[in-house]
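Working notes for the structure below.
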Amino acid sequence: MNFLEKRILADGIVKPGNVLKVDSFLNHQMDIALIEEIAREFRRRFSEKPINKILTIEASGIGIASLVAREFGVPMVFAKKSKSINIDGEFYVAEVESFTHKTINRVIVSKKFLSADDRILIIDDFLANGCALQGLISIVEEAGATVEGIGIVIEKGFQEGGKVIREKGYPLESLAIVESMDAEKGAICFRQQQNMK
C-alpha cells in the first residue's frame, strides 16, 4: 500500500452515490507535505518526458498542479470554468460535465498560453467518468500541442474514465486507483499497482 492509499484509508470518507470525500487533506483543506510528495511522485513517473507546461482545470486541481509545475520547473496553466472580463483575445473552449456537481461547464484557456510547441502534462485530483480530462485533451489538441502524460491523484477504477483514456493511447498514471467502495461499511478497496515507490 502506498503513502496516498494509506492517507485515503485514514482520512477519506465514503458517501452514498460512489462519493469519496478527501476534503480534509486534498481538495478543500490541503496537506501541503502530502501534496509535495504527490508532486515528487508525478515528477518521478514522467521524468523521461519533455514536459514544458502543466495543465489542469479549476478549482481543485490548481493547488496540486502548482506544486507539480514547481517540481518540473515549468509554468502551470489552468482551464477556467467561465469567461471573465480579464481574459482577452481568443481562447480554446471545451464543454465538460462534472460528476461531482452534476453540471455542464464551458472551460476555456487563452490561446496565448498554449501553442503547438507545448508538451503538456495534464494534472487533476480525480478521474471518474473522464469528461473533464477529455475536455482538457481536446483543448491541448486544438492548440496543436502534445499530451505527454496525464497524472491523476485518485482514479475511480470502477467508472469508465480511466479505461476510455487508456484505450485512446494516452499515458495515464493514477497514484491511487479505487476498485470499489462501500458507504455502509466505510470500506475502500484499491487496485494493485506496481509503479509506486
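The values are calculated or read from the model by the stated rules, or taken from the named source; none is laboratory data. Being a predicted model, the structure only gives us computed values, none of them experimental. All Cβ positions, glycine included, derive from the backbone under ideal geometry; neighbour counts span all protein chains shown. The accessibility values were calculated without ligands, DNA or RNA, using every heavy atom of the protein model including side chains. Shrake-Rupley method; radii C 1.70, N 1.55, O 1.52, S 1.80 Å.
Taking the numbered list (1) under 30 Å from residue 118 (Cα atoms); (2) open to solvent by 60 Å² or more (accessible area, probe 1.4 Å); (3) assigned to a loop (DSSP other than H, G, I, E, B) in turn, residue 71 passes all entries but (3).
Applying the criterion of being more than 27 Å from residue 72 (Cβ to Cβ) and open to solvent by 40 Å² or more (accessible area, probe 1.4 Å) to the residues of segment 140-162, the residue that is nearest to the chain's Cα centre (by Cα) is 160.
Residues are listed down the side, and each one gets a yes or a no for (1) outside any helix (DSSP H, G or I); (2) over 23 Å from residue 41 (Cβ atoms); (3) without any contact (Cβ under 8 Å) to a residue 12 or more places away in the chain:
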site: 124; (1), (2), (3): yes, no, no
site: 129; (1), (2), (3): yes, yes, no
site: 133; (1), (2), (3): no, no, no
site: 151; (1), (2), (3): yes, no, no
site: 163; (1), (2), (3): no, no, yes
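Based on what the data block shows, is residue 89 within 14 Å of the chain's Cα centre (by Cα) and more than 24 Å from residue 41 (Cα to Cα)? In short, no. Candidates in segment 103-122 are the residues that are free of Cβ contacts under 8 Å to residues at least 60 places away in the same chain and in a strand (DSSP E or B); of these, the one that is nearest to residue 20 (Cα to Cα) is 103. Of the residues making up segment 82-91, none is crowded, with 16+ Cβ neighbours inside 10 Å and either outside any strand (DSSP E or B) or in contact (Cβ under 8 Å) with a residue 60 or more places away in the chain (or both). Here residue 33 qualifies as free of Cβ contacts under 8 Å to residues at least 24 places away in the same chain and in a helix (DSSP H, G or I). Under the condition of being surrounded by 13 or more Cβ atoms within 10 Å (Cβ to Cβ) and more than 21 Å from residue 75 (Cβ to Cβ), the residues counted in segment 19-59 number 12. Within segment 5-23, residues that are at negative phi reach partners that are assigned to a helix (DSSP H, G or I) and of a type in the set (A, V, I, L, M, F, W, C) with beta carbons closer than 8 Å, at six or more positions or on different chains, in the pairs 7/34; 20/8; 22/8.
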